[in-house]
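S.K.: Pasting a structure below so you can have a look.
The values are calculated or read from the model by the stated rules, or taken from the named source; none is laboratory data. Since this is a predicted model, take the numbers as computed values, not measurements. So basically every Cβ, Gly included, is an ideal-geometry build from the backbone, and we count neighbours across all protein chains shown. Keep in mind that these areas ignore ligands, DNA and RNA; they rest on the heavy atoms of the full protein, side chains included. Shrake-Rupley method; radii C 1.70, N 1.55, O 1.52, S 1.80 Å.
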Amino acid sequence: MALNPPLLVGPDRHGKRVAVVDGRIAAAAPEGARVLACPDDEIAAGNVCAHTHLYSGLARYGLPPVVPAPENFLHILERVWWRLDRALDADTLRLAAEDYVARALLAGTTALVDHHESPNFIEGSLAVLADVCERLGMRSLLCYGATERNDGADEARRGLAECRKVPTSPLVRGLVGLHASFTVGDDTLREAGALARELGTVVHVHVAEDIADVDDARGRGYAGPLERLVALDALPAGSILAHGVHLRRDQVEAVGRADCWLVQNPRSNEGNRVGYAVNLKFGDKVALGTDGWNGDMAEEQGALTRLAALHGDDCAAPRLAAGRRLMAERFAAAAEPLTEGALGDLVVRENGRIRHVVVDGRLVVEDGRLTGADMAAITAAAESGARRLFERMRDF
Ligand SMILES: [Zn+2]
């Protein structure tokens, strides 16, 4: 894949200049590099959404009402998301991902960590997501969340096999996904850990999002889902654990000792009424995700600030910075954004509004508009795709 040509951004209103060469921040740009002037604006690091679900991108167009209304977290999964994911095909998945990625880029999110499931369209699903990210210019970590909840161990094997097929590029890398401890057997957990080690990557899994996950692991003889994942060797260093709402302080600290990441998803946790992840304040590798809510990280941070204050949590501030470190780790780049050797991902803000977005040295949003696609066309296609998807959901 061809590298993006050199780009020099700035000077901004603080006199800051940032050069991007071969996708990385460089000390200087070569002669003849494209210059993106922004004398009245401000250069800043892009945001990272450290856990999301691109497959839910059409939900914003009005999910049909759920009857009977969900009374708990498992009902929400069974009556909404596990019906929607079974109804997805290649076309609706592509439309969902395009809509989600486009809006996230326009909001200044330059990278995301996706967790994908489409049980009736497993093979080829990650290629659809990778293609959308490549075309629109979103840095991403992709995986299929292996599960046994529909078709047992065979379904899990197909999910893990799909994780092998992520088309790696300067913009896209693969992870090994597991849905959650409570929907997989021991063999699947062992295989996921082994596959991640074989591929030189890490595992991405929901952990202790709801008390049901904890109860399930206890019923299998473990202290909790974290202990089960560790006992079955499913968490290589650097693995990404979404939620951790029901982890105790000592468990959060154990995740840190295992050198793994936790991802807090405050809007989703509030919406699903699973609780506030109060003990994540005891972790130092805790990033921020949206769990399928829109990819505007300023909105997610606003929700975190509000909920943290409500719960007396004064440690929730560094989450966005942690997400950038997570992404730098997976792409083997310098951890400090906008310094030499860091990922070539940045935004230019005009009075706080996102004006330009650069990912891997490519200008993907210019003057508030996507360069790789037309937002109005994406919206129109997504609206009609959503109608087809919601119709299909009735059959699942
Ligand atoms: Zn999730």
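S.K.: Taking R0 as 35 Å, what's the FRET efficiency between ALA90 and HIS14 from their Cβ-Cβ distance, rounded to 0.05?
M.R.: Details: r = 46 Å, r/R0 = 1.31.
My answer for the efficiency is 0.15.
S.K.: Counting pairwise Cα distances across segment 69-122, what percent come out greater than 16 angstrom? Can you show the working numbers first?
M.R.: Working: 779 of 1431 pairs.
The calculated P(r) of segment 69-122 puts 54 percent of pairs beyond 16 Å.
S.K.: Here is a follow-up. With +1 on each Lys and Arg Cβ and -1 on each Asp and Glu Cβ, how big is the dipole of segment 47-330 about its Cα centre, in debye rounded to the nearest 20? Walk me through the numbers on the way to the answer.
M.R.: Values: 31 positive and 40 negative charges, 121 e Å.
Using Cβ point charges on Lys, Arg, Asp and Glu, segment 47-330 gives about 580 debye.
S.K.: Running Debye on the chain with equal point scatterers at the Cα sites and no solvent, what base-10 log of I(q)/I(0) appears at q = 0.06, 0.13, 0.14 Å⁻¹?
M.R.: The Cα Debye sum returns log10 ratios of -0.22, -1.06, -1.23.
S.K.: Extent of segment 86-198 along each principal axis, from alpha carbon coordinates, in Å, largest to smallest?
M.R.: Reported extents, whole Å, longest axis first: 41, 31, 21.
S.K.: Give me the 1.4 Å probe accessible area per residue for segment 47-330, excluding ligands and nucleic acids, in Å². Don't jump to the answer; show the numbers that get you there.
M.R.: Values: 9550 Å² over 284 residues.
Roughly 34 Å² per residue, with all protein chains present.
S.K.: Give, in nm to one decimal, the length gained when the segment between ILE211 and ALA376 is fully stretched (0.36 nm per residue of separation minus the Cα-Cα distance).
M.R.: On the way: separation 165, 0.36 × 165 = 59.40 nm, distance 4.11 nm.
Result: 55.3 nm gained on full extension.
S.K.: For ALA44 and LYS165, FRET efficiency with R0 = 30 Å and r from the beta-carbon atoms, rounded to 0.05? Intermediate values should be presented prior to the final figure.
M.R.: Values: r = 35 Å, r/R0 = 1.16.
The calculated FRET efficiency here is 0.30.
S.K.: Please give the calculated 222 nm ellipticity per residue for the chain, where each DSSP H segment of at least 4 residues contributes -39500 (n - 2.57) and the sum is spread over every residue; nearest 500 deg cm²/dmol? Please list the in-between numbers first.
M.R.: Numbers: 13 runs with 141 residues, N = 396.
It comes out at -10500 deg cm²/dmol, rounded to the nearest 500.
S.K.: Can you give the % of DSSP beta bridges in segment 1-123 that are antiparallel, to the nearest 5? Walk me through the numbers on the way to the answer.
M.R.: Details: 6 of 13 bridges.
Just about 45 percent of them are antiparallel.
S.K.: Then there is this: Please state the relative contact order of segment 262-340 as a whole percent: Cα pairs under 8 Å, 6+ residues apart?
M.R.: Values: 82 pairs, mean separation 23.1, N = 79.
For segment 262-340, the relative contact order is 29 percent.
S.K.: Quick check: with the 1.4 Å probe, what order do SER384, SER181 take by accessible area, largest first?
M.R.: Highest to lowest solvent-accessible surface, that is SER384, SER181.
S.K.: Determine the gain in length on full extension of the stretch ALA28-ARG387; use 0.36 nm per residue of separation and subtract their C-alpha separation, reporting nm with one decimal.
M.R.: 124.3 nm
S.K.: In addition: What is the distance, in nm, between label points placed 7 Å from the Cα along the Cα-to-Cβ direction at ASP284 and at LEU3?
M.R.: Inter-label distance under the simple model: 3.3 nm.
S.K.: Shifting gears a bit: By DSSP, what percent of the beta bridges with both residues in the chain are antiparallel, rounded to the nearest 5? Walk me through the numbers before you get to the answer.
M.R.: Numbers: 21 of 51 bridges.
In the chain, DSSP labels about 40 percent of beta bridges as antiparallel.
S.K.: For the residue pair VAL35 and ASN150, what label-to-label distance in nm results when each label sits 7 Å from Cα along the Cα-to-beta-carbon direction?
M.R.: For the pair VAL35/ASN150, the computed spacing is 5.4 nm.
S.K.: If you don't mind, another one. Suppose every K and R has +1 on its Cβ and every D and E has -1 on its Cβ; what is the size of the dipole of segment 269-322 about the Cα centre, in Debye to the nearest 20?
M.R.: Working: 5 positive and 8 negative charges, 29 e Å.
Once rounded to the nearest 20, the dipole reads 140 debye.
S.K.: Separation between the ARG157 and GLU198 pseudo-spin-labels, each 7 Å from Cα along Cα→Cβ, expressed in nm?
M.R.: Computed distance between label sites ARG157 and GLU198 equals 1.2 nm.
S.K.: Here's a follow-up. Please report the antiparallel percentage of DSSP beta bridges with both residues in segment 125-283, rounded to the nearest 5. Present the calculation step by step, with values, prior to reporting the outcome.
M.R.: On the way: 0 of 16 bridges.
The antiparallel fraction comes to roughly 0 percent.
S.K.: While we're looking at this one, here's another question. Once every Cα of segment 214-347 carries one equal point scatterer and solvent is ignored, give the base-10 log of I(q)/I(0) from the Debye formula at q = 0.16, 0.22 Å⁻¹, two decimals.
M.R.: Each listed q maps to, in turn, -0.86, -1.37.
S.K.: Keeping the other protein chains in place, figure out the carbon and sulfur percent of the accessible area of segment 47-330, with a 1.4 Å probe.
M.R.: Accessible surface attributable to carbon and sulfur in segment 47-330 totals 51 percent.
S.K.: In degrees, nearest 10, range 0 to 90: what is the angle between the Cα axis of helix 297-310 and the longest Cα principal axis of the chain?
M.R.: 60
S.K.: How long is the gain from PHE396 to ALA254 if the chain were fully straight, where each residue apart is worth 0.36 nm and the alpha carbon distance is subtracted?
M.R.: Details: separation 142, 0.36 × 142 = 51.12 nm, distance 3.94 nm.
Full extension of this stretch gives 47.2 nm more.
S.K.: Can you tell me the relative contact order of the chain? Whole percent, Cα pairs under 8 Å, sequence separation 6 or more. Don't skip to the answer; put the middle values down first.
M.R.: On the way: 893 pairs, mean separation 85.8, N = 396.
After rounding, I find 22 percent.
S.K.: Return a whole-number percent for the relative contact order of segment 148-199, with Cα pairs under 8 Å and 6 or more residues apart as the contact set. Mind showing how you got there, number by number?
M.R.: On the way: 40 pairs, mean separation 18.8, N = 52.
It rounds to 36 percent for segment 148-199.
S.K.: How would you classify segment 199-287 from its alpha-carbon gyration tensor, with a ≥ b ≥ c the square roots of the eigenvalues: rounded for a/c under 1.5, else prolate if a/b is greater than b/c, otherwise oblate? List each step's numbers first, then the result.
M.R.: Numbers: a/c = 1.58, a/b = 1.15, b/c = 1.37.
Taking the square roots of the gyration eigenvalues as a ≥ b ≥ c, segment 199-287 is oblate.
S.K.: Using r as the Cβ-Cβ distance of GLU336 and ASP131, and R0 as 35 Å, what FRET efficiency do you calculate, to the nearest 0.05? The partial results should precede the final answer.
M.R.: Working: r = 31 Å, r/R0 = 0.89.
FRET efficiency, GLU336 to ASP131: 0.65.
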